Amino acid sequence: MKIDIILCGVGGMGALSSAAIISKAALDMGWYMKQAETHGMSQRGGDVQSHLRLSDQPINSDLIPEGQCDIILSVEPMEALRYLPFLNKKTGWVITNSTPFVNIPNYPDYAAIEAEIKKIPNHILFDADAVAKEANNPKGTNMVVLGAASKYLGIDIEKLEDAVRSNFGKKGESIVNANIAALRAGRAVADK
């Protein structure tokens, strides 16, 4: 079992929290894990990405080679496109929020972004912001996207929920429950 994931987005949107949750769940299952993060200008709304490699066998490198990524998990659609060269073109999945975070004056036309994502045979492009609001967690977009990706991670949803509890436990039960609700709402999108 091996799965290579690139998690990406804009600083403050929770991509790195999602990486931490997946990592914890995988380690709790006895898997090996390697991770490399790039924060860029994340505190100023810049891009953030993490290479996350999981396996039941030892992993040599923490970087995913081009063309080998199994899942691009993105909380922002343009950021998903940035990492397409890494995607395995035959079997890889792009799972992304459709709501753009327009933080630059020359942000590309959304219709062009959507058209590029729809060219990928395995994709889930959906309004994760709206799903998060419906789940009464408007700040939980990253958990919604993670929930949609959970179907393809090879990790039991219960392990992901346990990792959410561990990651957010210090913030209180209501925050934990809100994030688990968002995770489950995202999973429901993937199950449709």
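The values are calculated or read from the model by the stated rules, or taken from the named source; none is laboratory data. In this text, all values refer to a predicted model and were calculated from it rather than measured experimentally. Glycine also receives a Cβ, built like all others from the backbone with ideal geometry; neighbour counts cover every protein chain displayed. Accessible surface is based on the protein model in full, side chains and every heavy atom, while ligands, DNA and RNA are left aside. Shrake-Rupley method; radii C 1.70, N 1.55, O 1.52, S 1.80 Å.
Numbers below:
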{"read-out": "In segment 175-192, the residues that are open to solvent by 20 Å² or more (accessible area, probe 1.4 Å) and either touching a Ser or Thr at 6+ places or on another chain (Cβ under 6 Å) or at pLDDT 95 or above (or both)", "value": "Ile175, Asn177, Ala178, Ala181, Arg184, Ala185, Arg187, Ala188, Val189"}
{"read-out": "Sole residue being under 17 Å from the mean Cα position of the chain (by Cα), crowded, with 23+ Cβ neighbours inside 10 Å and closer than 17 Å to Gly9 by Cα, chosen from Val131, Val164, Val144", "value": "Val144"}
{"read-out": "Candidate set: segment 93-121, residues that are of a type outside the set (Val, Ile, Thr) and within 21 Å of Ala19 (Cα to Cα); chosen: the one surrounded by the fewest Cβ atoms within 10 Å (Cβ to Cβ)", "value": "Pro100"}
{"read-out": "Criterion violated by Gly154 - all others in (1) closer than 17 Å to Ile72 by Cα; (2) among the small types (Gly, Ala, Ser); (3) in contact with a Lys or Arg (Cβ under 7 Å, 6 or more places away or on another chain) satisfied", "value": "(3)"}
{"read-out": "Of all residues in segment 89-128 being without any contact (Cβ under 8 Å) to a residue 24 or more places away in the chain and part of a helix (DSSP H, G or I), the one that is nearest to the chain's Cα centre (by Cα)", "value": "Lys118"}
{"read-out": "Looking only at segment 1-59, and only at residues there that are surrounded by fewer than 15 Cβ atoms within 10 Å (Cβ to Cβ) and part of a helix (DSSP H, G or I), the one that is modelled with the lowest pLDDT", "value": "Gln43"}
{"read-out": "Matching residues in segment 71-92 - criterion: being open to solvent by less than 10 Å² (accessible area, probe 1.4 Å) and either over 15 Å from Ala190 (Cβ atoms) or not hydroxyl-bearing (Ser, Thr, Tyr) (or both)", "value": "Ile71, Ile72, Leu73, Val75, Glu76, Pro77, Glu79, Ala80, Leu87, Gly92"}
{"read-out": "Unique residue being in contact with a helix residue (DSSP H, G or I) (Cβ under 8 Å, 6 or more places away or on another chain) and closer than 28 Å to Asp56 by Cα when the list is Ala190, Ala132", "value": "Ala190"}
